[in-house]
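The values are calculated or read from the model by the stated rules, or taken from the named source; none is laboratory data. What you are looking at is a predicted structure, and each value in this text was computed from that prediction instead of being measured. Here the Cβ positions follow ideal geometry from the backbone for every residue, glycine too, while neighbour counts run over all protein chains shown.
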Amino acid sequence: MTARVAALGVAAIAIALVLAQDLYPATPLYHTWQYALALTLALAVLGAYANGARRGDDGVRGRRLLPAMAGAATVAVAGLASGLLGPDTTVIAGTPGTVAPIPALGAAAFFSAADADAIARGAGTVTLRRRNAAEIALQPAARRLLGESLVYLELRPAAYVDVSDARGAHLTVTQPTNASFLSPVLLFGARQRIGALEVPLDTFATPARHLTVRALYFTPQALAQFNRAGAPADQGRPALVLSAADDRGNPKGLTLAPSGAEVAVGGLRVHVTLGTYPVLAIAAAPPAWVLIAGIALFLAGLAWSALPH
Amino acid sequence: MRLVLVIVSTLFLSACYNAPDAAASGGGGPSALAGSPAQSFEVRRTDGRMDSLARHRGQIVLVNLWATWCTPCREEMPALQRFAREQAGKVVVLGIDQGESASAAAAYAKERGVTFPILVDDQQQYGRTYAAIGLPTSVIVDRSGHVVQGIDGQMTIEQMRAAVARALAARK
């Protein structure tokens, strides 16, 4: 392998590593020392090759590759700066129908209202409103680069809970430990380990009946594993395992609540609708114009070096 | 040697960097809503008619979120009833039951001699939108439909008068 091939290979890998910040922003890799080290080593290799090429060690082709090396180095530096100095990825879990300020973006995030049907369809959206700027409606799977921040939605498990007493009288659902006290939508911000499984956990209360209900979210796959441990079978739908307890912590019942079904637990009739609701994630990302300029320079250098001389 | 320096500097910068993911959530309680447009939802009243905050645009409204199981709400209700009578024609009081059946809310209101409108928000839309962190929660809305103040917890009649004073003093 010649030094040229090695340098070009390293340049391509460095560019790919930095582009991954935009393409796969949820990966925690970019803020690690290993990522920084990889890009630093790449910069060192590119610098060493460019130094030799400048002196004529790789002939005319090597000299013509100098812009390509500069382009790749630009991209690598941008990625390094974003990974090292950019803010940590922030996840904002807003309750449906609420607004969360985001000082880092100079914006407010409006989390769309969601009833049981919207939760089941995963139809929640988030709209960013900024002063003197057009509002941005974010959809799941879409990403938007705002300055040096990449904003995107991640769908998380959610449940809409409807509770009534044994006579069918509707009951207030509260979430005393969550930011949104009166939301009937569970967003499962916690997790609980059960044997080898780790499942999303949330809690709601029915103050009128002095009951607290813990809700564990099981995907069909997780439920299949749980079934092997003796739990009742389900029909391939996600389900909640609900366990009710009174104010003193005395257990008042345990049941499996498949999505769409009404179940009884602790003297309550609980109807759960399972689905998803988005959280807003904000990740540091290299500025797009720097990446475009760097990659353009890299490709131009490659093309120039390939021309006959 | 230069290469070693570059690598050491980078590792040093990495060590200064704090990596774990941060998590944040919306919230801030009803007091954070001051100045924002008041959200409105169409819900049924205990008398069977539909009503919403938006239908009272042009009037000063004291929205009181409550539930029958809430002890401070029970204690606050007589003061709220007196306030509603005292301010009739100047301030509209809307009681909005959170998450319960219309029959439960109606029986409760009748038993306590409540005469102001009671709305039944069984989906708890007002409660979550007005960032209630407990019950009762009160929100003062001015004539233009903006939140003047959000108050968490039980109020005395003096506090209710003080809460609407600024909105009343504002020019029509």
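For this structure, a couple of remarks:
- Qualifying residue in region A:24-36 (condition: aliphatic (A, V, I, L, M), at pLDDT 90 or above, surrounded by 21 or more Cβ atoms within 10 Å (Cβ to Cβ) and not assigned by TED's automatic domain parsing to the domain that holds A:S149): yes
- Failed item in (1) polar (S, T, N, Q); (2) modelled with pLDDT of 90 or more; (3) farther than 21 Å from A:F188 by Cβ, with A:Q139 passing the rest: (2)
- Among (1) under 19 Å from B:G29 (Cα atoms); (2) in contact with a strand residue (DSSP E or B) (Cβ under 7 Å, 6 or more places away or on another chain) - the single one B:Q125 does not satisfy: (2)
- Criterion: within 24 Å of A:Q21 (Cβ to Cβ) and within 14 Å of chain B (Cβ to nearest Cβ) - qualifying residue of A:A44, A:A70: A:A44
- Of note, A:A257 satisfies the criterion of being surrounded by 15 or more Cβ atoms within 10 Å (Cβ to Cβ) and closer than 20 Å to A:G168 by Cα.
- Filtering region B:102-127 to residues that are aromatic (F, W, Y) and in contact (Cβ under 8 Å) with a residue 60 or more places away in the chain leaves only B:Y126.
- Hits in region A:32-47 - residues which are in a helix (DSSP H, G or I) and more than 18 Å from A:L302 (Cα to Cα): A:W33, A:Q34, A:Y35, A:A36, A:L37, A:A38, A:L39, A:T40, A:L41, A:A44
- Hits in region A:75-100 - residues which are within 9 Å of chain B (Cβ to nearest Cβ) and assigned to a helix (DSSP H, G or I): A:L80, A:G83, A:L84, A:L85
To keep it simple, each residue is scored yes or no on (1) buried (at least 18 other Cβ atoms within 10 Å of the Cβ); (2) acidic (D, E); (3) at negative phi.
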residue: B:G99; (1), (2), (3): yes, no, no
residue: B:A104; (1), (2), (3): yes, no, yes
residue: B:K110; (1), (2), (3): no, no, yes
residue: B:D121; (1), (2), (3): yes, yes, yes
residue: B:Q124; (1), (2), (3): yes, no, no
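- Residues in region B:101-154 that are farther than 28 Å from B:G58 by Cβ, within 12 Å of chain A (Cβ to nearest Cβ) and of a type in the set (S, T, N, Q): B:S101, B:S103.
- Of all residues in region A:109-117, at least one satisfies being part of a strand (DSSP E or B) and buried (at least 21 other Cβ atoms within 10 Å of the Cβ).
- Which numbered condition A:D246 fails, given (1) under 31 Å from the mean Cα position of the chain (by Cα); (2) of a type in the set (D, E); (3) away from chain B (no Cβ under 14 Å): (1)
- Residue in region A:130-147 that is within 27 Å of A:P25 (Cβ to Cβ), part of a strand (DSSP E or B) and within 13 Å of chain B (Cβ to nearest Cβ) present: no
- Sole residue being within 13 Å of chain A (Cβ to nearest Cβ), surrounded by 17 or more Cβ atoms within 10 Å (Cβ to Cβ) and within 25 Å of A:F110 (Cα to Cα), chosen from B:A38, B:A67: B:A38
- Test: residue in region A:154-174 that is part of a strand (DSSP E or B), crowded, with 24+ Cβ neighbours inside 10 Å, away from chain B (no Cβ under 13 Å) and in contact (Cβ under 8 Å) with a residue 60 or more places away in the chain: yes
- Scanning region A:258-292 for residues that are of a type in the set (A, V, I, L, M) and part of a helix (DSSP H, G or I) turns up A:A288, A:V290, A:L291, A:I292.
- Residue count for region A:176-186 satisfying the condition of being at pLDDT below 95, buried (at least 20 other Cβ atoms within 10 Å of the Cβ) and more than 9 Å from chain B (Cβ to nearest Cβ): 0.
- Listed conditions (1) modelled with pLDDT of 95 or more; (2) assigned to a strand (DSSP E or B); (3) of a type in the set (A, V, I, L, M) are all met by A:I295, apart from (2).
- The set of residues in region A:175-194 that are among the hydrophobic types (A, V, I, L, M, F, W, C) and in a loop (DSSP other than H, G, I, E, B) comprises A:A179, A:F181, A:L182, A:L187, A:F188.
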